[in-house]
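The values are calculated or read from the model by the stated rules, or taken from the named source; none is laboratory data. This is a predicted model, so every value here is computed, not measured. Quick reminder, even Gly has a Cβ in these numbers, built from the backbone with ideal geometry, and neighbours come from all protein chains shown. Surface areas here come from the heavy atoms of the whole protein model, side chains and all, with no ligands, DNA or RNA. Shrake-Rupley method; radii C 1.70, N 1.55, O 1.52, S 1.80 Å.
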Protein chains: 2
Amino acid sequence: MIKQALLGILCGAAVLTVGILIGHYGIEKSGDSAPSWVKDVAKDVDESLIEQFLSEVNNIEIQENLRELTKVPHMATTAGDEETVKFMLKRWQDPETGLDEAWREEYKVYLSFPDPKKPNKVTVVTPSDTVLHTAREKEKAYTPDQDDPAVVQPYAAYSPAGNPKGRLVYANQGKASDYLRLNQTVDLRGTIAITRYGGAGRATKAINAAPYGVIGVLVYTDPLDINDGLMSDINETYPHSWYLPPTGVERGSFSNSYGDLLTPYLAAKEETYRIPAENITGIPPIPIQPIGFEDAYILICELGGEAAPNEWQGGFNCTYNYGGPGFKPTSAFNNSDVKLDVFNYETQINSSNVMGVIRGSVEPDRYVIYGNHRDSWVHGAIDPSSGTSVMLEITRVLGRMVKQGKWRPRRSIIFGSWGAEEFGLIGSAEYTEEYFTKLSERTVAYINVDIAVFANATLRVSGMPSMQNVIFKAAKQVSAPGVDSASVYDNWIRYFNRTSPTYGLIPNVGYLTGAGSDYAAFVHYLGIASMDMSYTYDRSKTKARIYPAYHTAYDTFDYASKFIDPGFLSHQAVARTAGNILIRLADGLVLPLNCGDYAESLETYLNTAVTLYEVQLKANNISMEPLKHAVASFRRAADHLNQVIHSSDLPNETPLKVRKINDQLMLLDRAFLNPLAFPDKYAFRHVIWASSSAGKPTFPGLADAFASAESSGQSSDWEKAHYHVSVLSQAIEGAANILADVI
Amino acid sequence: MIKQALLGILCGAAVLTVGILIGHYGIEKSGDSAPSWVKDVAKDVDESLIEQFLSEVNNIEIQENLRELTKVPHMATTAGDEETVKFMLKRWQDPETGLDEAWREEYKVYLSFPDPKKPNKVTVVTPSDTVLHTAREKEKAYTPDQDDPAVVQPYAAYSPAGNPKGRLVYANQGKASDYLRLNQTVDLRGTIAITRYGGAGRATKAINAAPYGVIGVLVYTDPLDINDGLMSDINETYPHSWYLPPTGVERGSFSNSYGDLLTPYLAAKEETYRIPAENITGIPPIPIQPIGFEDAYILICELGGEAAPNEWQGGFNCTYNYGGPGFKPTSAFNNSDVKLDVFNYETQINSSNVMGVIRGSVEPDRYVIYGNHRDSWVHGAIDPSSGTSVMLEITRVLGRMVKQGKWRPRRSIIFGSWGAEEFGLIGSAEYTEEYFTKLSERTVAYINVDIAVFANATLRVSGMPSMQNVIFKAAKQVSAPGVDSASVYDNWIRYFNRTSPTYGLIPNVGYLTGAGSDYAAFVHYLGIASMDMSYTYDRSKTKARIYPAYHTAYDTFDYASKFIDPGFLSHQAVARTAGNILIRLADGLVLPLNCGDYAESLETYLNTAVTLYEVQLKANNISMEPLKHAVASFRRAADHLNQVIHSSDLPNETPLKVRKINDQLMLLDRAFLNPLAFPDKYAFRHVIWASSSAGKPTFPGLADAFASAESSGQSSDWEKAHYHVSVLSQAIEGAANILADVI
């Protein structure tokens, strides 16, 4: 009986255990088991995936991308451009390495071209119209690339056509101050001014000239500014080095605006309203034409008149004179004029963006956008195809992961291959105009990699301060090319650094205050956290204004692979760093945007403003206290939000709490937009990063207004300074409100 | 043995069952049980809670709120206003029926007042300055209310001070066409014009007059327009009826803008930049003063000159003549002038908004805002205290539920008791300026209930078309006062209805195209789905322009409780309907905003535009196809989104999917904002609902541009029409993009 009883108890216990096990594991609890999406919404960045990405980014693939992209010149809307459109689509639609979807978007945009049948001419002509000298129409060929019939003649896009003829004068860089000075010595009416690139925007050199009666402008690249003084194509310049050959000419857009010039703030669709062309502002009012320094040498060294000041002297082995106006009495050109024959014409023509997307799994309605333009002036190996090659390598590696089912980002990733950037950031600007509200509401960040590699010394990054942290994190995980066991970060900090009050010595991330590439509309028009990245020079080794083949027929695969980045390891480093940032932005549970770093930048701007302006503002009854209060509010709110992020167990809380925080981080920059702040430059609405002419590292609207008020002393100008203090205070308090607890 | 075996089996089975039960219910599954928030995020509107809300809304409470609010006059920034601030704070901070939090926000705003020491005067004076008649300075007292020393003298806020004296003329309603016509008969230089309220904005009556040389303007309320012709205070007017006594005078803001006049688009803080007062536009350039019809009768019936046209004739028992200029030769006033002595002064003074909040449980970063102004001209029983009484009753019922722990809304609810609305919607406008980005990004809807009850016949609602559906749903659940067993909806449809292509006969929800109350900044500046609600007249029973005591010293508790809504059942119906809508907006899992109804309105506007404009636009080479395409895109996207909503099992899907849909619904109106669309009225940026002068039920910018182009025939005006077609097309396509699948 005892045995039986024991057996019974044992059996009973066993049956009970089986029952418990069945009950616990065998029967699905109705209603209270976790839905499958609970884990998905809590997922964070997968570090092993980032490792995989980094290891798969391949320098040879980038090299081959570049070779393909630079086979022929691909100026916007040409046959070569169309070939690159098709190439991008083929790559992004590839069943094994493509994106979820890729397509083309067209805008009908206003472009300016030289007439292939009537090439622009620059000549020296006697009073009886005998031609004494004719500038080269095309660059000299050193490789078959320059002989490609699709190489566009050097010209100044948006220069009006015309045939001005007049005495030559030398106007240095064509800055307002240059013409002012020149005009004190020389009667400029009816003259042609020759100017150097640099110092002032391209169009500005002609816009500044016209009020003095100048009727035409030449522009060239001085060897001092681009070649560290070297000039000889026998042994010093390309193909012997990266330096610009004497006949190389920088092309460019001679327009101060960005976006299609006929459809400001409207997407340039077929039927869109277009302003009359005569209402366009910011383009040359008089003909202007670029030439090579081979011809500039011949013109400048023959100029008569007084010697120009020291800081106007360039790299030629002669004195740069102002011009009599005109040439020296002793010159063979004595009494001769310079004549420009510019036959540029404007046309409305379709330009394509190529768009591609990887759909987000958890938050498809949040976008990380990565872009670069596709169009070049000629072959554009560096500008922009170095960036496009990098973008294609990133999409190849990510696309394969997606196609293999190994990965899908939390947020959607949009890739943009913009058209007609060279004419004024047109493709990206039209895109932001067409999708304005959607992009404003949903975009967490924009990454721009245009010229990926200027040179192979160091990383250089500009961006919103909130992006600094994720940039650093990514740069630390990538090894620097050519430097043993150092990271991109370690190498970077040697070249560009600053002492942060928060972190001590760190690499210096610049600010995106200009409109140098396609980030402009994202930063200044939409207020989206953005960054622009490249590998660049060792400034102790060259003073070149930019890589010497920039916008010339020498910016070719041959040039890039021999002189810019042999082996393509700098390209690879950029691809790894930018791709790493992209993945972190797309996959982070919490967006890797640090509002505390934004606070530090605002504090720095504020300190500068207080130092420079407070005494004089006070003397004009303008208090800076509201601005100080606003920056302090922002700091307090930022620190608090960071504390909430770090003290919360976000993976286990409602996904709407994470979303709330992410929206705060995403939208903080939107508060800095004010469409009224700069009525004469509406495309710049970001009151912290707008462009400024005052040249002070502080709030741009206040800096410009203060400079005007200080120089004019007029009370209406002081009122404008007061207005900008109020605009800034309201914007920064508004941003603080976004970061603060929501109610 | 069989018995034992059976017993054993039974016991075993029982033990097994116990085990299963323990295993299933007794032991928490580790890892895969649902977190507690999973149920919270899926919660939808609780219909029983709405029933409870409806049953607790009490008409007597509303009556007592009104009695308290109207004890003394409470014009903006006066001692009476401060009393109402404190009353609101006390109620919203009540530990048993208050909100989570309530506070005051102050702005320093630019207001205009009469000088209590030098009352404004209107006199008839002979050439030798003998005063023949003096208009009443204050309204006649019928109850102690009118004798309150805080009753402000009737005046025209923002009229400049001045002492113009001249011959009187009658200018009908002071419309541009009225002065044009009058000027054809009478030399208006140096005259004083008397005008009737109605037909043109208050300030406009003086702005239109000045170019003709008119030096002063009087304005009065004609008995024909307000009293259905009745005039006698012996037995016809208040206190015998709701009609205006002969000495009643409508006060008002004589400004065409909204928001603080010195700080456009900036919140009016102490240190904010202020424009010079002389730069203010949209206010009278010449003195203007309102008077009662008792005095107007004396002046108008003595006027000489030709008889004015039929449509200029009002309710007086005399012929309205143009004026000689001046009085009849037979009049005692012959050869006399009318003199205005206006001593108004402007001041910058603190005005308060009172804010209160119930924090959201699941989505605290989504706001439903409910507001009304608090300031009145005198006692303001109807305008605005009927609305404030209703708001206080809603907050009492909801506040108690919150304090008792019975309810917390999914989204945050913000209540705003705005200051200085009567001077130009100032409190609400400054609030939207200060919190612009935060409110833009987070506000799902704004509900405005200003005058809750004009009369007790029927509901009347204006709002964004997307709100129609939730308004109908709520109105069907509330019984109509005074109508047996009919709902507010059933009653409403009898008074205002239309035939919808989608639904057939439904109540007509108007559009918020003007700036009549505090919804203006929410609609036109921020693009937030908004509505404005009240109970109103049976138009078959009165032609009164508005309830007769409007903006007079007779708008008192006595008047409201005797003649507008005895028993306060219409107030109760409004509170129930508006509160029901509020709860649904705050608690709905999916926001109750129907984008398909928006599509129907756009289609109606489009059809009208095509009918009215297409032929002439085509003749000027302007295609309407892009606009048709845009509206079709919107319709397609709206139908698709509705289909996604209805075919999804949203309570069981990731809350981020619901959030995505709700963001689409919330943000669709933002796409309609374009700060450049109306450069001369920047506060109106909503291109669908902006105010228009063309008087056509279609897209306002296009309608106005078309009207200009048609009348001038100038190509630049046709270009403007083309511009507006493009602006509209881009905005509507942009809204469609918000509704479409996110990638």
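So which residues in the range A:679-704 are under 21 Å from A:Ala200 (Cα atoms) and either outside any loop (DSSP other than H, G, I, E, B) or among the hydrophobic types (A, V, I, L, M, F, W, C) (or both), if there are any at all?
Matches in the range A:679-704: A:Ala683, A:Phe684, A:Trp689, A:Ala690, A:Ala694, A:Pro700, A:Gly701, A:Ala703, A:Asp704.
Please determine, by comparing only the residues of the range A:419-440 that are under 26 Å from A:Gly380 (Cα atoms) and within 14 Å of chain B (Cβ to nearest Cβ), which one is surrounded by the most Cβ atoms within 10 Å (Cβ to Cβ).
Taking the candidates together, the pick is A:Ala429.
Could you please find all residues in the range A:569-595 being more than 23 Å from the chain's Cα centre (by Cα) and open to solvent by less than 10 Å² (accessible area, probe 1.4 Å)?
Result: A:Gly588, A:Leu589.
Name the pairs: first residue in the range B:719-736 and facing chain A (nearest Cβ under 7 Å), second residue basic (Lys, Arg), Cβ to Cβ under 7 Å, at least 6 apart or on different chains?
Cβ pairs passing all conditions: B:Gly734/A:Lys438.
Could you tell me which numbered condition A:Lys657 fails, if it satisfies all but one of (1) open to solvent by less than 30 Å² (accessible area, probe 1.4 Å); (2) assigned to a helix (DSSP H, G or I)?
Just one mismatch for A:Lys657, condition (1).
Can you tell me which of B:Gly371, B:Gly416 is in contact with a Ser or Thr (Cβ under 7 Å, 6 or more places away or on another chain), open to solvent by less than 10 Å² (accessible area, probe 1.4 Å), within 14 Å of chain A (Cβ to nearest Cβ) and small (Gly, Ala, Ser)?
B:Gly416
Tell me yes or no: at least one residue of the range A:666-677 is on the phi < 0 side of the Ramachandran plot, within 8 Å of chain B (Cβ to nearest Cβ) and among the small types (Gly, Ala, Ser).
There is at least one residue in the range A:666-677 that is on the phi < 0 side of the Ramachandran plot, within 8 Å of chain B (Cβ to nearest Cβ) and among the small types (Gly, Ala, Ser).
Restricting attention to the range B:31-54, which residues are over 23 Å from A:Pro655 (Cα atoms) and of a type in the set (Ser, Thr, Tyr)?
B:Ser48, the sole residue that qualifies.
Quickly run through the range A:596-637 and pick out the residues that are under 30 Å from A:Pro409 (Cα atoms) and more than 14 Å from chain B (Cβ to nearest Cβ).
Correct list: A:Gly596, A:Asp597, A:Tyr598, A:Ala599.
Among the small types (Gly, Ala, Ser), touching a helix residue (DSSP H, G or I) at 6+ places or on another chain (Cβ under 7 Å) and closer than 30 Å to A:Pro675 by Cα - does that describe any residue in the range A:466-479?
yes
So, of the residues in the range B:374-409 that are among the small types (Gly, Ala, Ser), in a loop (DSSP other than H, G, I, E, B) and open to solvent by less than 10 Å² (accessible area, probe 1.4 Å), which turns out to be farthest from B:Thr437 (Cα to Cα)?
B:Ala381
Please count how many residues of the range A:685-718 are in contact (Cβ under 8 Å) with a residue 60 or more places away in the chain, touching a Ser or Thr at 6+ places or on another chain (Cβ under 7 Å) and within 14 Å of chain B (Cβ to nearest Cβ).
Count: 0.
Residue-wise test of (1) closer than 22 Å to B:Thr443 by Cβ; (2) surrounded by fewer than 21 Cβ atoms within 10 Å (Cβ to Cβ).
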position: B:Ile645; (1), (2): yes, yes
position: B:Ser648; (1), (2): no, yes
position: B:Asp663; (1), (2): yes, no
position: B:Asp669; (1), (2): yes, no
position: B:Phe672; (1), (2): yes, no
position: B:Ala677; (1), (2): yes, no
position: B:Val687; (1), (2): yes, no
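Residues that are surrounded by fewer than 16 Cβ atoms within 10 Å (Cβ to Cβ), among the aliphatic types (A, V, I, L, M) and at pLDDT 95 or above, at least 1 per element: which strands (runs of 3 or more DSSP E) completely within the range A:105-198 meet that?
It comes to A:131-134.
With the requirement that a residue be under 27 Å from B:Pro566 (Cβ atoms) and among the polar types (S, T, N, Q), what does the range B:67-102 give you?
Result: B:Thr70, B:Thr84, B:Thr97.
So if I check each of B:Ala740, B:Ala637, B:Ala736, B:Ala709, which one is out of contact with any Asp or Glu (no Cβ under 9 Å at 6 or more places or on another chain), of a type in the set (Gly, Ala, Ser) and surrounded by 22 or more Cβ atoms within 10 Å (Cβ to Cβ)?
B:Ala736
With respect to A:Thr611, is the statement that it is more than 23 Å from the chain's Cα centre (by Cα), within 28 Å of A:Ser692 (Cα to Cα) and either open to solvent by less than 10 Å² (accessible area, probe 1.4 Å) or among the hydroxyl-bearing types (Ser, Thr, Tyr) (or both) true?
Here the answer is yes, as A:Thr611 does meet what is asked.
Considering only residues that are in a loop (DSSP other than H, G, I, E, B) and within 14 Å of chain A (Cβ to nearest Cβ), which ones fall in the range B:318-368?
Those that are in a loop (DSSP other than H, G, I, E, B) and within 14 Å of chain A (Cβ to nearest Cβ): B:Arg359, B:Gly360, B:Ser361, B:Val362.
Counting only residues that are open to solvent by less than 10 Å² (accessible area, probe 1.4 Å) and touching a Gly at 6+ places or on another chain (Cβ under 8 Å), which one in the range B:441-452 is nearest to A:Arg442 (Cα to Cα)?
Once the filter is applied, the top-ranked residue is B:Tyr446.
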